[in-house]
Amino acid sequence: MDELKWNRRDDLAEWQGRLEERVLAPLRGTGWRYYAWLACLLAVLGWALYAYSLQLRDGLIVTNLRDRISWGLYIASFVFFIGISHAGTLLSAILRVTRARWQMPITRMAEFITGVALMVAALFPAIDMGRPERILNMVLFGRWQSPLIWDITAILTYLTGSLIYLYLPLIPDFALCRNRLGPDAPAWQRWFFTTAAVGWKGMPGQRQALERAMSIMMIVIIPVAVSVHTVVSWVFAMTLRDPLNSTLFGVFFVAGAIYSGIAAIIILMAVLRRVLHLEEFITKTQFLNLGYLLATLAAIMGYLNISEYVTTGYKMEEGIQFHIQQLMVGPFAGLFWFYILGGILLPIVLMLSPRTRTIKGIIVAAVLVIVAMWIERYLIIVAGFRVPLMAYTPANYSPSWVEWAILAGGLALFALIISIFAKLFPVVSIWEVIEHSVPELVEEPGAASGLRGGRGTAQPVKPESAFPQTPAPPVSMTRRRALQVLGGVMLSAMIGPTLLSQSRKKAGDLGVSPEDAKSGQRLRRWAMVIDLRYCDGCQSTGKPPQCTEACIEGHFAPEPMEWIQVYEPSLPGGGTQFVPTPCQQCQNAPCVNVCPVGATFSTPEGVVLIDQDRCIGCRLCMEACPYDRRFFNWGEPPIPPEATLMEYDPMHQAPAQKGTVMKCNFCPHLARAGRLPYCAQACPNQAIYYGDLEEDLATNGEQVVKLSRLLSGDSSYRLKENLGTQPRVYYIPGHGELVGRDAYTSGRLPTQWPWVEKLKGSQTWTR
């Protein structure tokens, strides 16, 4: 518009008429190409729905997600769509606050992107759930301790605020549509615009109220928008994984979100400009200014990447070293360098050169950024979670056709909603463009009548408003009232998902009855000690590790789950040793902290259990576990005949349920019955002790030990104690000293201890 120059009011009126005609043209009618486009999008969406139906029927086994990498394409797409939503309303609000007039023709497009991207993004976590039918549990049992609840709350708040912010500037345009479409318009369309316009007549009082409401939303929406992607970064940073627990992660996510959002605005602006013939109103100015913003964000992203990889690379911790190698020279090198070169460096180069600093060049840069930022989100998820947490071979992951089909369906849904929106609503804020983005008038000799201000200085002439300015009646929407209404709506969106959960009694959240919770069991503090001096991985028996086999058999654990897995890590002085690794039963358990519905909980005895009846299958607990000791039922687990008639109990975790998480649980159903866990019973070398920290006693079925002496005298340790998880599984290093079973004077007590008996090979504890 700055390229247009007028000096006559008639020219301005003609320009205003062309603006209205072009913007309102889709509302009056569309050609066959539009419906063909919708048909193509619906076909892709139908393909995605078919793929999702298979996933609902068979479970997430139809994907290539597995226990080592339990988040993949779905979560990467969720973060991507959240990102492109970030810049829409945020950028519009910032530019409105700073009174940048050049952005007026594109503000509504940006706000469209925010609302639609948030709607599509919200679908992917539900698609990724193992039990999507239990999504209501997020409301019934939601826990503020979980970053996922904060994430949902922030997204709902942002969506609510964005829709309000989108609707407010639409009101005058709804009134314009009501007045301009005429009697030939369909009855539903006339009714809709009349209702949506809420009696707008362009009176001064209405304008004042609208400006106040918009000013309030401008200020409110900026911190809300920033909080959304900050909270999203917390979900990953709280996993205790080396590549993800960086202090820069929040800033990195916010900057990346704005970066991809600006690129999305450029692409949508280019498409609508071409399809709706808005070249006269969306000019090179909008592209250049957004291009400059894009280049600035590219420089910021470059700095954040350098800072991240230089600082982490300098430390070269084991996990970080593996992560950097797989990105730069490993299996993800192609994607990583495309992201760096094509997504960060090339957009800057395109904006630096005058020959490429054109509309086409800026569109190319935006497309590169969109693709690169999706790749970056994919690398964060897949490459980040590929870093081994224990001594195992890193897992591999590549999306299945079901995952690609659902992603294509998400993109098609995004385009479909945008297309329908452009058909039903004005894509340009007509009244704002007319009243705030009028090009500067130039004075011609003898044309002083078109100027105001005197002294020969050319001043812009405001066009006559498209809306009548008649005396206004008293306005009911005061500033205080607007604040109350908007605050009430946004507060409801923010706390609504958890209000019901907070009103429920938490007594039953432990997965045990209140009677059990009040029983004497709370006096016990179960712990396990594994003596690595006597563990040989059952090689002496010529069998697989018997602890693993017994655990699988006793709990009816579906293959290939190994709730207690025997690793063989290398020793610093050379050689290896066998390390049985069950769930570490952390007293400061990350899995308990992050569970959004309380399905993972800690009993009074300090044992961490899972209530599969409540589990929604989000797998956040799996990503939070620093020991990788949680497993997911990707498909329908086989149910042995002896388990089919069992009533599910979190203490036994049988029968297994599709789409839920399982793990070692210290066999509390055996402990309460006076028996050792399955693994301790089956160990041929009696290397596993089970005991009570409260009574300071432990047994391996053959001997009873003083637990404190065993732990203090044998240089015991716990895995990853530096994380502060406080595990209840202790290890005695295999240094070969005669302590424990072979040294009765070093803490061993007689087998005749009153509460220990040996009955025909089965270990029974009696009080």
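So is A643 under 22 Å from I530 (Cβ atoms), of a type outside the set (S, T, Y) and in a helix (DSSP H, G or I) or not?
Details: under 22 Å from I530 (Cβ atoms): no; of a type outside the set (S, T, Y): yes; in a helix (DSSP H, G or I): yes.
So A643 fails the test.
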Which listed residue, of S92, S77, is crowded, with 22+ Cβ neighbours inside 10 Å, over 22 Å from the mean Cα position of the chain (by Cα) and within 24 Å of V251 (Cβ to Cβ) | S92
Quickly run through the range 345-383 and pick out the residues that are over 28 Å from the mean Cα position of the chain (by Cα), buried (at least 22 other Cβ atoms within 10 Å of the Cβ) and among the β-branched types (V, I, T).
-> I362
Take V271 and decide whether it is farther than 19 Å from V364 by Cβ and either part of a helix (DSSP H, G or I) or among the basic types (K, R) (or both).
-> no
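Answer yes if at least one residue in the range 609-623 is outside any loop (DSSP other than H, G, I, E, B), among the β-branched types (V, I, T) and either surrounded by fewer than 17 Cβ atoms within 10 Å (Cβ to Cβ) or within 36 Å of the chain's Cα centre (by Cα) (or both), and no otherwise.
yes
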Residue pairs within 7 Å by beta carbon, gap of at least six or interchain, first lying in the range 234-251 and in contact (Cβ under 8 Å) with a residue 40 or more places away in the chain, second part of a loop (DSSP other than H, G, I, E, B) and not charged (D, E, K, R), listed first then second, are F236/L244; L240/P626; R241/V387; D242/V387; P243/V387
State which residue is surrounded by the most Cβ atoms within 10 Å (Cβ to Cβ) when the search covers only the range 273-310 and only residues that are of a type in the set (S, T, N, Q) and touching a residue at least 12 places away in the same chain (Cβ under 8 Å).
-> Q286
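Name the helices (runs of 4 or more DSSP H) wholly inside the range 127-214 in which the number of residues that are touching a Gly at 6+ places or on another chain (Cβ under 8 Å) and buried (at least 22 other Cβ atoms within 10 Å of the Cβ) is 2 or more.
On the way: elements: 137-140, 147-180, 187-196.
Output list reads 147-180.
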Kindly provide the set of residues from the range 27-84 that are under 19 Å from L148 (Cβ atoms), hydroxyl-bearing (S, T, Y) and not in a helix (DSSP H, G or I), ordered by number.
-> S70
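So for the range 399-411 (the condition being in contact with a Gly (Cβ under 9 Å, 6 or more places away or on another chain), part of a helix (DSSP H, G or I) and over 30 Å from R718 (Cβ atoms)), does at least one residue qualify?
In the first step, residues of the range 399-411 are kept if they are in contact with a Gly (Cβ under 9 Å, 6 or more places away or on another chain); the result is 399, 403, 409.
Subset that is part of a helix (DSSP H, G or I): 403, 409.
Checking which are over 30 Å from R718 (Cβ atoms) leaves us with 403, 409.
Yes, the conditions are met somewhere in the range 399-411.
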Identify the residue in the range 590-606 that is surrounded by fewer than 24 Cβ atoms within 10 Å (Cβ to Cβ) and of a type in the set (A, V, I, L, M, F, W, C) and, among all such residues, is nearest to S146 (Cα to Cα).
-> V592
Inter-residue pairs, beta-carbon under 8 Å, first modelled with pLDDT under 90 and in the range 149-167, second of a type in the set (F, W, Y), 6+ apart | W150/W144; W150/W234; D151/W234; L166/F112
Give me a count of the residues in the range 675-696 that are of a type in the set (D, E, K, R) and within 21 Å of Q565 (Cα to Cα).
-> 0
Test each condition in (1) crowded, with 24+ Cβ neighbours inside 10 Å; (2) under 21 Å from S398 (Cα atoms) for G59 and report the one that comes out false.
-> (1)
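Of the residues A264, A257, A270, which single one is in contact with a Gly (Cβ under 6 Å, 6 or more places away or on another chain) and either farther than 23 Å from W150 by Cα or surrounded by 22 or more Cβ atoms within 10 Å (Cβ to Cβ) (or both)?
Details: A264 fails: in contact with a Gly (Cβ under 6 Å, 6 or more places away or on another chain); A270 fails: in contact with a Gly (Cβ under 6 Å, 6 or more places away or on another chain).
After applying the criteria, what remains is A257.
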How about the range 216-229: which of its residues are surrounded by 19 or more Cβ atoms within 10 Å (Cβ to Cβ) and either β-branched (V, I, T) or under 10 Å from the mean Cα position of the chain (by Cα) (or both)?
-> I216, V220, I221, V224, V228, H229
Working only within the range 570-594, note down all residues that are touching a strand residue (DSSP E or B) at 6+ places or on another chain (Cβ under 8 Å), at pLDDT 90 or above and in a loop (DSSP other than H, G, I, E, B).
-> P582, C583, Q584, Q585, C586, Q587, A589
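Here are some residues: L244, L240, L248. Which one is at pLDDT below 80, under 18 Å from the mean Cα position of the chain (by Cα) and either more than 19 Å from L723 (Cβ to Cβ) or not assigned by TED's automatic domain parsing to the domain that holds L346 (or both)? Even if it seems obvious, please write down each step before you answer.
Details: L244 fails: either more than 19 Å from L723 (Cβ to Cβ) or not assigned by TED's automatic domain parsing to the domain that holds L346 (or both); L240 fails: either more than 19 Å from L723 (Cβ to Cβ) or not assigned by TED's automatic domain parsing to the domain that holds L346 (or both).
Going through L244, L240, L248 in turn, just one is at pLDDT below 80, under 18 Å from the mean Cα position of the chain (by Cα) and either more than 19 Å from L723 (Cβ to Cβ) or not assigned by TED's automatic domain parsing to the domain that holds L346 (or both): L248.
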Given (1) within 25 Å of I380 (Cα to Cα); (2) outside any loop (DSSP other than H, G, I, E, B), where does L95 come up short, assuming only one miss?
-> (1)
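The values are calculated or read from the model by the stated rules, or taken from the named source; none is laboratory data. These numbers were taken from a predicted model, which means no experiment stands behind them. All Cβ positions, even for glycine, are placed from backbone atoms using ideal geometry, and neighbour counts span all protein chains on display.
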